[in-house]
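Peer 1: Dumping the structure here so I can ask a few things about it.
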Amino acid sequence: MKSPLLTLPGAVPAEGVDEGVAAHYGDLFREQRALADGAGFVDLSHRGVVAVTGADRLSWLHLLLTQHVSELPVGEATEALVLSAHGHIEHALYLVDDGTTVWAHVEPGTAEALIAYLESMKFFYRVEVADRTAEFAVVHLPAGSIAEPPEGAVVRETAYGRDLFLPRADLESYAATAGPAAGLLAYEAFRVENHRPRLGFETDHRTIPHELGWIGTAVHLQKGCYRGQETVARVQNLGKPPRRLVFLHLDGSDVHLPPHGTEIRLADDGEDGRRIGFVTTSARHHELGPVALALVKRNVPVDARLVAGDTAAAQEVIVEP
């Protein structure tokens, strides 16, 4: 869904899954510095919006999601996953309940499949699931922002900022008073800095939550059964995940960032070294320089020198080996 904010001065459209919103508005580092100072907003209106209503909404979602939501307080933000029967990550939901409705924003293009799964699990529960993407847009306010959300907006407040669910028809008028606008590249740079995984970037068809550090933030280990819970419990109690998420400081002399999927090798093995992982997200940070998240084999030494494609990289531990 193409955002009307692409008409703002300097807007350069994002590509790929993020098509439809601005990658930046002409000055990536200025936009990052504004967000770091708690100013401005990020247009996330390309993300899907799913709403669940009905008296049983929380108890029903509690049975399906990895997070403990049966007693989720009104206005408290949380995040949750939907896993396959084998424990692989299929969906990521960013949730808040306003007292009558659970609102969730999800990755672009995933709402339809998520709703199809939820509809298949309704049975006798008093719930209704709706795709509200055409009616509501997600806008992100950075941590430290003192901007007042529009009256009636649903707010999802986290340590990283506030997500607003705004009527899509109000997006342009809100942007006119909320500036300066920052693009998705600035938002992604802070996501990488904060080690926050993203579905479809840090995940592939076999990713399990332990690999990304999603235990605790999106997976509650003390709740009852849900699809894929056996894998979560087995890895937690008996083993280690096969891969682990790492933060990379990239060689700043390279002009180009290694894109998603770039192979990672041990620097000491040379150009013919075996693949030990891949870049999941890379970004240019206004203070840290070029950085990335990557998935590597669990047994890669934490002090090993790495190469992402042709770019030297030093790793910081996110998920312990």
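Peer 1: Provide the gained length on full extension for the span His256 to Asn194, in nm with one decimal, where the gain is 0.36 nm per separating residue minus the Cα-Cα distance.
Peer 2: Length gained, His256 through Asn194: 20.1 nm.
Peer 1: Can you tell me the dipole magnitude for the chain around its Cα centre, using point charges on the Cβ only (Lys, Arg +1; Asp, Glu -1), in Debye to the nearest 20?
Peer 2: 840 debye
Peer 1: Return one whole number: the accessible area per residue of the chain in Å², for a 1.4 Å probe.
Peer 2: 45 Å²
Peer 1: Related question: Among Leu248, Phe278, Leu83, whose Cα lies farthest out toward the positive end of the dipole of the chain, if unit charges sit on the beta carbon of Lys, Arg (+1) and Asp, Glu (-1)?
Peer 2: The listed residue farthest towards the positive side: Leu83.
Peer 1: Now, a different point. I'd like the trypsin sites (Lys or Arg not before Pro) in region 107-188 restricted to DSSP loop residues with at most 16 other Cβ atoms within 10 Å, sorted by number.
Peer 2: Taking region 107-188 and a limit of 16 other Cβ atoms within 10 Å, the loop trypsin sites (Lys or Arg not before Pro) found are Lys122, Arg126.
Peer 1: A further question on this structure: Students often get this wrong, so try it: which of (i) 32, 24, 20; (ii) 53, 33, 14; (iii) 32, 28, 15 is semi-axes √(5λ) of the Cα gyration tensor in Å as calculated from the structure shown?
Peer 2: Recomputing semi-axes √(5λ) of the Cα gyration tensor in Å here picks out (iii).
Peer 1: Pop out the carbon and sulfur fraction of the accessible area of region 36-110 as a percent, whole number, probe 1.4 Å.
Peer 2: Summing carbon and sulfur atoms, their accessible area is 50 percent of the total for region 36-110.
Peer 1: Oh, and also: Only four residue types carry charge here, +1 at the Cβ of Lys and Arg and -1 at the Cβ of Asp and Glu. Report the dipole size of region 11-85 about the Cα centre in Debye, rounded to the nearest 20.
Peer 2: The calculation lands at about 100 debye.
Peer 1: Shifting gears a bit: Quick one: go through region 246-263 and flag any residue whose amide nitrogen is under 17 Å from the point 7 Å out along the Cα-to-Cβ line of Glu271.
Peer 2: What the label zone holds, given the 17 Å backbone N cut-off, is 263.
Peer 1: Find which of Ile264, Gly20, Ala175 sits farthest along the positive direction of the dipole of the chain, computed with +1 on the beta-carbon of Lys and Arg, -1 on that of Asp and Glu, about the Cα centre.
Peer 2: Checked the options; the winner is Ile264.
Peer 1: Compute the distance in nm between two label points, each set 7 Å from the Cα along the Cα-to-Cβ direction, one at Met121 and one at Ser173.
Peer 2: Inter-label distance under the simple model: 3.8 nm.
Peer 1: Ignoring the sites themselves, what is the longest stretch of the chain with no GluC sites (Glu not before Pro) in a DSSP loop and at most 16 other beta-carbon atoms within 10 Å?
Peer 2: It runs 152-270.
Peer 1: Could you give the length gained on full extension between Asp204 and Thr100, defined as 0.36 nm per residue of separation minus the Cα-Cα distance, in nm?
Peer 2: 34.0 nm
Peer 1: Taking the Cα centre of region 1-128 as origin and charging only Cβ (+1 Lys, Arg; -1 Asp, Glu), how large is the dipole, in debye to the nearest 20?
Peer 2: Using Cβ point charges on Lys, Arg, Asp and Glu, region 1-128 gives about 100 debye.
Peer 1: Continuing with the same structure: How high is the relative contact order of the chain? Use alpha-carbon pairs under 8 Å, at least six apart in sequence, and give a whole percent.
Peer 2: Relative contact order, the chain: 19 percent.
Peer 1: Cα to Cα, under 28 Å, and not fewer than 8 places away if on the same chain: which lysines meet these conditions relative to Lys297?
Peer 2: Lys240
The values are calculated or read from the model by the stated rules, or taken from the named source; none is laboratory data. Just so it is clear, the structure is predicted and the values come from calculations on it, not from any experiment. A quick note on method: Cβ atoms are made from the backbone with ideal geometry, for glycine too, and the neighbour counts reach across all protein chains shown. Ligands, DNA and RNA are excluded from the accessible area calculation, which covers all protein heavy atoms including side chains. Shrake-Rupley method; radii C 1.70, N 1.55, O 1.52, S 1.80 Å.
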